[in-house]
Structures are given as structure tokens and as C-alpha cells.
1. For the chain, just say rounded, prolate or oblate: build the C-alpha gyration tensor, square-root its eigenvalues into a ≥ b ≥ c, call rounded for a/c under 1.5, and beyond that prolate if a/b exceeds b/c, oblate if not.
2. Pull out the extension gain between Gln49 and Arg25, defined as 0.36 nm times the separation in residues minus the alpha carbon to alpha carbon distance; nm, one decimal.
3. Express the carbon and sulfur contribution to the solvent-accessible surface of the chain as a percent, rounded to the nearest whole number, probe 1.4 angstrom.
4. Could you point to the residue in Thr127, Phe106, Thr90 farthest towards the positive end of segment 2-169's charge dipole, with +1 and -1 charges on the Cβ of Lys/Arg and Asp/Glu respectively?
5. For Glu231, what accessible surface area do you get with a 1.4 Å probe? Give it in Å², rounded to 10.
6. Using protein chains only and a probe of 1.4 angstrom, how many square angstrom of Met1 are accessible, to the nearest 10?
7. Determine the per residue accessible area of segment 192-293 with all protein chains present and a 1.4 angstrom probe, expressed in square angstrom.
8. Where in the chain are the DSSP H helices whose alpha-carbon span along the long axis reaches 30 Å or more and whose Kyte-Doolittle mean is at least -0.5?
Amino acid sequence: METIISGVGSYLPENAVTNTELAKRIDTSDEWIRSRSGIGQRHFAADDQSTSDMAREAAWNALEQAGLKPTDIGLIIVATVTPDKTFPSTAVYVQQKLGVPPCIAFDVSAACAGFIYAMNVAHSFITTGQVKHALIIGAEKLSCFLDWNDRATCVLFGDGAGAAILSGVPARTAARPRGVLSTYLAADGRLAKHLYADGGPSTTGTVGQVRMNGKEVFRNAVQEIAGAVFEVTERAKVSRHDIDWFVPHQANIRIIHSCAKKLELDESKVIVTIDKHANTSSASIPLALDIGIRDGRIKRGDLLVFAALGGGLAWGSALVRY
Ligand code: UT7
């Protein structure tokens, strides 16, 4: 059995806010944000738009591309740190909004690495024969917990959603396997203090706001994202030089360039969306993947590597023959 990506979709809220517009509200500048992070704009959801609303839009697009119906889905995993409600999972609201009949549905909480965690879990469900088609979604309404008095964090994040359908298919040829070839996950709770929300139901009883030690996260991101790519290529016994597209988490263009350099990957092989989307946490990789597929750069048969690091700190990677 192989786990292939049969469809991908994404959604960005209508409201795009440029750096220059932000600079009217807080003490910052387009020059600072662009030069330190590579961000030019971000999208913000409407007040009445929930994470599951954005997830549903991305999921419809993925289903349409896969040529599947909601009734075909046996597993829904939503990776998010901004759930609709403390419980139940955002996945059940997505299920409800898509009209998916009773199936397995739950959320994963691994911040910016959430989509990679969801991919790993769905791959296991498929290869153990428990489901045929899994819908995995990274969706975030990060604007709901930004501290507008902390200019070092609030300028970096945006809202959005990206989805993929993973499908189990019989292996075609052992010589050139398709789909998910290898995955790698890790987390180190000793580093949780560097990126977190300072609230929660069992502590403050509030949602909290994003807190980040940017320099520490930056240092770990370069090291672990590059290391995670080494790990999945070694696990699959594939040369790094055979990678067609590096689709990294979009947190900072300097992190992306440093990782590409460590991996000896030409920048023309990297999908970059940070300028338009900013950091959308778990949504950033599927959003970038969808852009790369729909604009024709990523083609069937290409070797893709996804890698991310975020709050936890949690990180991971996946090597996929698309
Ligand atoms: O998705 C999860 C993963 N997240 C990340 O990977 C983020 C990782 N970290 C980063 O991307 C970078 O550390 C930042 C973009 C957050 C910051 O870049 P930096 O080069 O580390 O800047 P800094 O924190 O050293 O700040 C430099 C200066 C400070 O001024 P002084 O003390 O040097 O005078 C800040 O006060 O920039 C100032 N500053 C700002 N100035 C204008 C901080 N934020 C802003 C701002 N506008 N928005």
C-alpha cells in the first residue's frame, strides 16, 4: 500500500493587510518587516469567520482536485492552535460543514509542525488499512491571539488554511515508490518557553497571546529543519540532490534561505509564499504546496520535501513522491 496525495486545496481570507497599512497602527515599517522576515502582507479572517470555516473552504478545493466526495472520507485531522472551541475538535465542525458521514475525526496540536504531524498520523492510518481516504488540514486564525503591543511578534503572523487528501493505493512498482516515502517527527518540551500562548483552560482560563523569543526559535529552526530534511532523505535512501521541491514552513525568508544553503538546494527549488501569506503556522506548508501545484511548478512524479518547526518546540519533515 502507498499513501499518495490525491488532492490539495487552500483558502485565504479576503482581507489582505500590507506592512504599510500595519505601520499606520503600530510602531513598525515595511522596510523592517521585509528585511527581517521577508513578509510583505498577511491575510486576516473576518470577525465572524472561524478556523473551521477556512478549513472547510480549503477542504472543498482539495476534494474537488482529488475528484472525491465528502462521503469518501474516512479520517479528518485538523492541525491547529486556534480551534473553534476548547472542545470538541475543530475536525468535527469541518466534518459537519462538509457533510462527511460518521468517520474518525480529531485535531493535532503541534503548532507550525502540525501539518507534518497530521500527515504522519494519516499515513499510519492508511498503511495499517484503517482508512482509504484521509483529509488532513492545517488551519489557523492566528489574528485572534496576537498581542498588538508586541511589535516583534504581531507583524509576523496571518490567517489561512491548506488541505490535502491522502489516499491509500496499491503499490505500483517497488522500484519507484509513490506518495509518502518517509517521515520524521520530534519535539523538545524543554524549549517550550521560547514560543507559546500565555493562556489556557486549565491555567489562566483565557486564550492567551503569542509569546516568542525570536532569536532562539530562529536558531533552532535553521538547525532542526535542515536536520529533519537530512533525516527523511536518509530514511528513504534518497539523495538530497534528487529533491525537486523544498516546501518549508514559511516563518522567515532568512530561515528558509539558511536551510536551503545547508541542504545545498538551489533557491529555484524552494516554494516561497511568506511575502504574500506571512506565517500561518500549520497552514503554511499546504498553502505553499497548493500554490506550487496550481501555478504548474510542482508536477506529478516530482520529489517533494516538507519541513517545519514551531511551538513545542516541535518539528518534523516528510518526503513525498507527488
Ligand atoms: O512559526 C514559528 C517559528 N517562528 C519563527 O521561526 C520566527 C523566528 N524568529 C524570527 O523570525 C526573527 O527572530 C524575528 C523576525 C522575530 C526578529 O528578527 P531579529 O533579526 O532577531 O530582530 P531582533 O529581535 O533582534 O530585533 C531587532 C530590533 C530591536 O531593536 P533594538 O533593540 O536593536 O534597538 C527591536 O526592538 O528590531 C526592533 N523591532 C522592530 N522594529 C520595527 C522588533 N520588532 C520590530 C518591528 N518593527 N515590528
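1. Working: a/c = 1.60, a/b = 1.22, b/c = 1.32.
Here the chain falls in the oblate category.
2. That pair, Gln49 and Arg25, stretches by 6.4 nm at full extension.
3. The nonpolar share, carbon plus sulfur, comes to 51 percent.
4. Thr127
5. 60 Å²
6. Using a 1.4 Å probe on the heavy atoms, I get roughly 120 Å².
7. 44 Å²
8. 214-236
The values are calculated or read from the model by the stated rules, or taken from the named source; none is laboratory data. Since the structure is predicted, the reported quantities are computational estimates derived from the model, not experimental observations. Using ideal geometry, Cβ is built from the backbone for each residue, glycine included, and neighbour counts are taken over all protein chains shown. Accessible surface is based on the protein model in full, side chains and every heavy atom, while ligands, DNA and RNA are left aside. Shrake-Rupley method; radii C 1.70, N 1.55, O 1.52, S 1.80 Å.
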